[in-house]
Amino acid sequence: MNNFWFESYREFFKGKKILLGITGSIAAFKAVDLVRYLKKCGAEVKVILTENATQFVTPLTFQTLSGYEVGIANGSKGKIVHIELAKWADLVLIAPATANVIAKLANGIADDLLTTEVLATIAPVYIAPAMNPTMLTHPATQKNLYRVTKLGYKVLDTGFGLHACGDEGYGRMLEPAEIIAQLTSPFCLPSNGKTALISMGPTRSYLDPVRFITNRSSGKMGAALAFAAEKQGYHVEIISGIAHDHALPLPKLAHVTKTMTSKEMADAVLRAFPKVDLFLSTAAVLDFEFPKMNTQKLKKDTLKSDHFKLEPTLDILKQVGAMKRKDQFVLGFAAETDQLLENAKKKLKAKNCDAVFVNPISAKIEGSTTGFESSHNQGFLVSAKRVIEYKIQNKTKLATEIMKAIHE
C-alpha cells in the first residue's frame, strides 16, 4: 500500500483502540498485515488468539507487531482481562472468523477469552468470515450469520477464489486493505442527511485509438475530500476521470461514476448536481479537446497540423454556478503559477462559486511539486468575505481543514 492510502485512513484510525480477535483458520496469516496496516494508520492494536489460532500463527509475532502482550483465548493469568479489554476497545474485529466462533457468537456463548470479550463490550463488532465454501453456504452457518447481524454485529463479505483445501468459491477472508476500508463508519459523524458531489481526476480527449491529450491530475485531492466529507456525515457521490494512480483509495460507501471525456464528466455532473447540497469541483477538466476521434490510427506520415486543431469544452463549473440554488454550496479549484489570489477572485465571480481553493503548482516540498501528482498541497481558500491561507501539508489533512472551513 502506498503512503497516500495510509494517510487517507489515518484520519479515521489515529488514536483509535482496535481489539483484534484471530481464530483457527489458515487465513490467520493475513492478520499479520492487518496489525501492521492498522498500526501504520495510527491505531493501537491489541490481539487475542484462540487456542486453535496458535497452530497457525505465534503469539510472539503479534506481541512484536502490536507492542502489547497477546491474550490467549483459553484463559488469562488471574486478571479480569476480558473486562479490561472490552472497556478499552473502540472497535472489535474478528479476522479471520471461523464457522465455529460465528456459531458461538450467534448463541451468546462465552467459553473463552475472545467470545467473552465480545459479550462484554459495547464497542462495534466486525466479523470477517473465513471458511470452506460448503461450510459458508450450509444452512446452519447462514442462520448464524443472520443471527449475529440481528445482534448488531457487522459481517463483512467474503472473497471468491481457491481455498487451501483445493475447493473454489466464496469463503476466503478479505484482504487486509479491503477490511480496513470497511471499518471507518464507527469513526464518522452521524449522517447529516446531505449529499456531497465531488468531481476528481483528469479528462482525456482522443486523437485516435492510440493517442490522446490529458493533464497531470492524479485525483488525490478529490479522494481526500471524499474521505473528509464522509467523516463529516455526508453521503458521497464521486464523478471520476481517469486517475493516474490506480491504487487511489476512495470511501467504500461512496457511489462512484467513472468518466473519460470532458463531455462524459459534464453530463454526469450536471445530471447529479440538482440533487446535492455540496459540490467540490476538484476535477482537472480539459479546456480544449479534439473535435472528433479518428476511428483508425493515424500513421506518422499522414499526420497534418489540421489533425491537432482543438475546440473549447463546456465549462462545467460555470454551468453549475448558473444552476446553483441558495441552499447549495459550490467550491471551485484553481491551479496557478502566478497571481494566485487575483486569479482566484476572478474565478469566484465569473463562475458564481461560494469559494475557490487556489494552489501554486510550482511550490517544492521534498524535491517534488505540490498540487498535481503530489500527496501534498498548499494554497488559499478564497470567498467573498475572507481568505484563509494553508501551509504545505498532506492532502488528507488539508481536506479536513477545508471541510471545517466550509461548515464555518
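Bear in mind these aren't lab numbers, they're just calculated from the coordinates by the rules spelled out. Just so you know, these numbers come straight off a predicted model, no measurement behind them. Note that we place each Cβ from the backbone using ideal geometry, even for glycine, and neighbour counts take in every protein chain shown.
The stretch between Arg211 and Thr61, if pulled fully straight at 0.36 nm per residue, gains 48.9 nm over its current Cα-Cα span. Straight-line reach only, C-alpha to C-alpha below 16 angstrom: list the aspartates and glutamates that Lys346 could link to, leaving out same-chain residues fewer than 8 apart. Result set, ordered by chain and number: Asp315, Glu336, Asp338, Asp354. Reducing segment 1-46 and segment 85-156 to their Cα centroids gives an inter-centroid distance of 19 Å.
Dividing the C-alpha radius of gyration of segment 262-312 by 2.2 N^0.38 Å, with N its residue count, gives 1.65. Extension gain for the segment Arg147 to Asp111, taken as residue separation times 0.36 nm less the Cα-Cα distance, is 11.1 nm to one decimal.
Scaled against the 2.2 N^0.38 Å expected of a compact globular protein of N residues, the Cα radius of gyration of segment 225-334 reads 1.30.
For the chain, the mean residue ellipticity at 222 nm estimated from helices alone is -9000 deg cm²/dmol, where every DSSP H run of n ≥ 4 contributes -39500 (n - 2.57) and the total is divided by all residues, rounded to the nearest 500. Sorted into 5 angstrom bins from 0, the C-alpha pair distances of segment 140-231 split as 2, 9, 11, 12, 14, 12, 12, 12, 9, 4, 2, 0 percent. Using C-alpha pairs below 8 Å separated by at least 6 residues, the relative contact order for segment 195-407 is 20 percent. Ranked by the mean number of other Cβ atoms within 10 Å of their residues, highest first, the peptides 110-116, 194-200 come out as 194-200, 110-116. Between Ala322 and Ile83, the contour length at 0.36 nm per residue exceeds the Cα-Cα span by 80.2 nm.
Taking Cβ atoms as reference points and 12 Å as the exclusive limit, the residues near Val330 contribute a net charge of +3, counting Lys and Arg as +1 and Asp and Glu as -1. Semi-axes of the equivalent ellipsoid of the chain are 46, 25, 19 Å, computed as sqrt(5λ) over the eigenvalues of the C-alpha gyration tensor in descending order. Taking every alpha-carbon pair under 8 Å whose residues sit at least 6 apart, the chain reaches a relative contact order of 12 percent. The Cα trace of segment 195-407 gives Rg and Dmax of 17.4, 57 Å, the first to one decimal, the second as a whole number.
Taking the DSSP bridge list for the chain and keeping only pairs wholly inside it, about 30 percent are antiparallel. Against the empirical 2.2 N^0.38 Å (N residues), segment 9-187 has a Cα radius of gyration ratio of 0.95. Which residues in segment 326-342 have a backbone N closer than 18 Å to a point placed 7 Å from the Cα of Lys385 along the Cα-to-Cβ line? Residues 326-332 qualify, since their backbone N sits under 18 Å from the label point.
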